[in-house]
Each structure stands twice: as structure tokens, then as C-alpha cells.
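What follows is a set of notes on a single structure, which appears directly below.
Computed from the coordinates by the stated procedures, all read-outs in this text should not be read as laboratory data. Quantities reported herein were computed from a predicted structural model and do not represent experimental measurements. Cβ atoms come from the backbone with ideal geometry, glycine included; neighbour counts cover every protein chain shown.
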Amino acid sequence: MTPTDLRAAFIADLTAVAPDLDPAAIGDNDHMQDDLGLDSMDFLNLVSALHKRFGLPIPEADYPRLATAALAVAYLDQALAE
Amino acid sequence: MSIFTMPSLGADMEEGKLVEWLVKPGDDVKKGDIVAVVETQKGAIEIEIFEAGQIGALLAEPGQTLPVGAPLARLGVADEAEVTDPVAAPEPAIQASRAAALPAPAPAPAAKPVAAAAPGDAVLASPAARARAAELGIALEAVTGSGPGGAVLLSDIENHVSAGPQPAAQPVAEDRPKGKPGLDMTEMRRAIAAAMSRSKREIPHYYLMHEIDLQSAHDRLTALNADRTPDRRLLMGAFLLHATVKSLAKVPELNGRYDVEPYAPSGQVHCGMAVAMRGGGLIAPAILEAQSKDPDEIMAAMRDLVARTRSGRLRNSEITRGTITISALGENGVDALIGVIYPPQVALVGFGAPRVRPMVHDGTIQPRLAVTVSLAADHRVSDGRRGALFLTEIDRLLQEPAIP
């Protein structure tokens with residue numbers, strides 16, 4: 001998957017757990033909790049959706065690496081390559 | 001035969017808009033079945049029926065805004081022949097729109113000529129008014145009572161008749177700002193204002209706070225989640241809610257609804273959970289019968305409720321039967337939350353954001369994850385001493401290695 005595909009998939013899962021977010025308005029560096037207002041339940045649902053889509057374990061220790069769309073794309077790209 | 005009416009989904013609710021029927025005449029329903037969707041200040045709510053029977057005539061059409069108590073449908077109670085009412089049956093439009101999707105209603109059992117007196121047993125009314133209403137075929141639920149406790153008097157029946165058909169469908173403004181679909185933010189703000197003003201006006205609150213060392217619970221949670229896929233992981237919030245619900249067994253008077261005198265605690269814990277909406281406002285739907293759930297089941301119920309609060313539909317039992325409310329600020333909030341009780345409940349438990357703080361542990365100062373829990377409770381039904389016992393019990397349970 002290209003970084004563009006990864007970003008599209010990440011945004012799709014994000015807006016599925018937070019349907020009130022406008023996909024077009026989410027910036028690469030918007031912080032999931034601080035800027036987009038996700039709570040811990042929303043964030044866990046996002047991680048669950050990414051786990052389901054990519055089959056990655058995504059341990060809790062890696063959560064900070066999903067804090068923004070830009071970080072998440074880099075993380076997913078690396079994790080899928082391993 | 002009884003009448004299924006527009007339910008009250010909160011003390012502040014005056015009317016609701018019928019969005020959709022999920023049943024049709026002839027359908028058999030059992031207690032707890034979802035029969036309709038009503039749009040309220042809290043968004044679209046699935047309405048459950050609290051009586052078993054067979055749906056008779058539908059008395060309201062989707063799109064109508066109706067006051068609380070207005071008749072929505074006739075319900076033939078089990079083992080009673082259905083009574084078809086020749087007068088009130090605004091059905092053709094509904095039938096036509098649903099005919100394509102649904103099989104034709106089963107033919108009604110032979111209608112017995114019955115005096116239309118049966119409905120309305122639940123309505124306060126004078127005997128004369130009851131007799132006159134039966135004579136005229138008027139549902140007492142539809143009449144505004146002017147007697148003691150809202151009882152319907154004979155004069156109310158006469159006024160009802162002379163007033164002619166009630167303006168049941170009041171068009172509502174559709175151009176108000178909207179958050180999520182089906183949720184009117186102005187209305188939600190108004191509902192919160194009404195409930196919180198009533199709480200501060202009527203409930204003599206007292207407040208207690210206690211700092212809890214969460215480090216061992218956090219360590220257990222981390223170990224537990226390490227072996228689980230994300231969809232099966234628990235949040236600290238599930239631990240906190242579980243411990244709070246369990247602690248109510250020790251101080252049961254904090255759990256209940258003070259809506260009749262004398263106050264009686266509830267045997268079951270329907271634990272409300274404040275869910276903040278990103279556009280502003282909040283809803284506190286309840287996890288029903290939470291006292292019998294383990295942390296995994298609590299977590300599953302929390303996931304389901306949050307998802308349905310955000311994007312789906314809550315059920316009326318979930319927003320009207322709560323016996324206590326928990327409000328937690330999550331991971332990125334401030335240290336403490338001192339709440340306002342959601343009437344007619346008698347207690348609200350607030351958790352601040354867990355944060356690593358310097359704490360004395362085993363005789364030395366250590367960085368430990370800690371959370372401040374607060375209790376806002378109704379002084380009419382409990383005292384500080386009992387409230388303190390409750391908060392220390394939550395603390396004790398969170399230190400227990402057996403949980404989960």
C-alpha cells in the first residue's frame with residue numbers, strides 16, 4: 001500500500017468511529033485526543049478497526065505512534081513492511 | 001386493551017416527534033420490544049413497549065410531533081380480543097407507505113362490541129369523567145386534567161369535546177443548528193439546563209473527594225491487555241465503573257430514583273455513564289443491571305453505549321431508568337470533577353483524569369498513577385459518613401488483585 005492508500009484507510013476508520021468528523025478537515029498533524037477530541041473509547045475503537053483491517057497486533061505501547069494521521073501512516077507503513 | 005402513549009424520556013420533555021413505526025397493526029409484541037423511533041432533545045430514541053399484546057390501530061403518523069401522554073397506538077392485551085375503533089384510525093397513509101415492504105396485517109379477530117371504557121385505567125379521573133369519556137369514546141390519556149394531581153374531571157371531558165380535534169401535529173422549526181443527525185444542539189442544551197437547574201434547586205448536595213492509588217490496577221490492566229487483541233482490551237474506565245457499581249452493595253441508599261415518597265433504593269444498578277458529545281453537550285445513558293456484570297461485560301456494554309450515543313440510537317429504558325451516574329474525564333482531563341446529580345437520582349460519582357503523582361507507597365515517596373474520585377450525593381437520603389464508606393470501598397476494590 002502506498003502512503004496515500006494508508007492515509008485513506010486510516011481516515012476511513014477514524015471517521016467510522018467518530019462520524020461527526022469531516023474527513024476533508026482532518027489535518028496530517030491533528031492530534032487524535034487534543035485536536036480531534038477523541039476519548040479513550042473512540043481511540044480504542046480506532047485501534048481495533050486498524051487491527052481488523054491490517055491484521056497488526058498494535059500493542060498499547062505503540063499507541064503514541066498513532067497520535068496523528070502523519071504518525072499513523074509512517075507507523076503502519078513500517079509495521080506492514082516488517 | 002390499553003393505549004400506548006408518547007413516553008416521557010425525562011422530566012423536562014414535553015413532546016416528541018414520531019419518526020418511524022417499527023410495528024404494524026396485528027403484530028404481536030412482548031415486553032421490551034422496540035416499536036417506534038421518537039426524536040427528542042437527546043436525539044432519536046428507540047421506544048420499547050412495556051406490555052405484551054397485539055398492536056391494534058396506530059393512532060399517530062410518522063412526522064407528527066405529539067405531547068407526552070398522547071396516544072400512539074392501541075394495544076390488545078394478550079388473550080383479549082382486539083377492539084377496532086371505527087372512529088380513531090388515521091391509518092391509510094401509514095398502510096399505503098408500508099404496504100410494499102410488509103405483509104398485510106393479519107385479519108383482526110372478530111371485534112367484540114365493547115364499551116370503550118377499558119383504556120385509561122392508569123389515568124387519574126373522577127368516576128363521572130370516566131363514564132362520560134367511555135360514553136363518548138374518548139381516551140382519557142388525551143384529555144388534560146384540571147383536578148387534583150392532574151385528575152380528569154367531568155368538565156375537562158366537556159371542554160375536550162367542545163374544543164374539537166386537538167392540534168396534535170405542531171410543526172417544529174427545522175432550521176436550528178444541528179450536531180449529529182437527529183440531534184438538535186439547542187434542544188440538548190435546553191434539556192441539560194432544565195435537568196441541572198432542577199437538581200440545584202431541589203437536591204441538597206454534599207460532596208466528598210478521595211485520592212486513589214491506581215498504580216496496581218494500571219499494572220494489572222497493562223498485563224491483561226498485553227495478551228489481548230485491541231477489540232478485547234479493557235479501559236481503566238471499565239475498572240472504575242465496575243468497582244463503583246460493586247461498592248454500591250455496601251451503601252445501597254446511594255443507588256435509586258427519588259421520584260416518590262418515601263425514597264426507596266433500587267435493587268438493581270442501572271449505571272448511567274456520561275458521554276460527552278464532541279459538538280458540545282452530553283448524554284448519560286445507563287448500563288442496565290450493571291451489578292451482575294464483570295469487567296469484560298462492563299467494557300462491552302460501555303463500547304456499545306458509546307457507539308450508539310455517537311451514531312446510533314439509544315433505547316428509552318437506557319435514558320429513563322438510570323439509578324446512579326458516573327462521569328469520568330478520561331485520560332486527558334483535569335484532576336477532579338465535582339458533579340451535579342442527575343435528578344431524580346441521588347448520587348453522581350466523578351473521576352478526574354488519572355495522572356502520575358508523588359505518593360507515599362511502602363513508606364517512601366514514589367511516582368504513582370492516581371485518580372481523584374468525588375461523590376456528589378443527596379443529603380436527604382444519605383450522610384457524609386456513608387458517602388465516605390462508599391468512596392473508600394471503591395478504593396479498596398481497585399487495590400484487590402482479584403479484580404479483574
Where only alpha carbons of the stretch B:185-399 are counted, the Rg and the Dmax (Å) | 17.0, 53
Taking a threshold of 31 Å on the Cα-Cα distance, which of the pairs B:31/B:246; B:42/B:293; A:52/B:250 fall above it?
-> A:52/B:250
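Shape verdict for the stretch B:265-343, please, from the Cα gyration tensor: rounded (a/c under 1.5), prolate (a/b greater than b/c) or oblate.
Rounded is the answer for the stretch B:265-343, as its axis ratio a/c remains below 1.5.
Most exposed first by the Cβ proxy, i.e. fewest other Cβ within 10 Å, how do B:222, A:15 rank?
Details: B:222 12, A:15 15.
Fewest to most other Cβ atoms nearby, the residues stand as B:222, A:15.
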What number, in percent, do you get for the relative contact order of chain A if the mean sequence gap of Cα pairs under 8 Å and at least 6 apart is divided by its residue count?
-> 41 percent
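Would you mind calculating the gained length between residue B:207 and residue B:292 on full extension (0.36 nm times residue separation, minus the Cα-Cα distance), in nm to one decimal?
Going from the current span to full extension adds 27.8 nm.
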Taking B:282-288, A:58-64 and ranking on average Cβ neighbours within 10 Å, highest first, one gets B:282-288, A:58-64
Amide H contacts under 5 Å for residue B:325, placed H, 5+ residues apart | B:272, B:347, B:349
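Take each of the peptides B:32-39, B:330-337, average the number of other beta-carbon atoms within 10 Å over its residues, and list them starting from the highest.
B:32-39, B:330-337
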Whole-Å distance linking the alpha carbon centroid of the stretch B:233-301 with that of the stretch B:189-230 is 10 Å
What FRET efficiency comes out for the pair residue A:78/residue B:231, r = Cβ-Cβ distance, R0 = 25 Å, nearest 0.05?
-> 0.65
Relative contact order, percent, the stretch B:185-399 [alpha-carbon distance under 8 Å, six or more residues apart] = 30 percent
Semi-axes of the equivalent ellipsoid for the stretch B:204-327, Cα gyration tensor, largest first, Å = 25, 20, 14
Final fewest-first order of B:242, B:160, B:361 on the 10 Å Cβ neighbour count is B:361, B:160, B:242
How far, in nm, would the chain grow between residue B:357 and residue B:222 when pulled straight, counting 0.36 nm per residue and subtracting the alpha carbon separation?
-> 46.7 nm
Zone reached by a paramagnetic label modelled 7 Å from residue A:16 Cα along Cα→Cβ, restricted to the stretch A:49-67 with backbone N below 11 Å, covers A:49-54
When B:229, A:4 are ranked with the fewest other C-beta atoms within 10 Å first, the list becomes A:4, B:229
Can you give the angle from 0 to 90° between the axis of helix A:69-81 and the longest principal axis of chain A, with both taken from C-alpha atoms, to the nearest 10?
-> 20 degrees
May I ask you to derive the FRET efficiency for residue B:264 and residue A:29 from their Cβ-Cβ distance with R0 = 60 Å, giving the value to the nearest 0.05?
-> 0.65
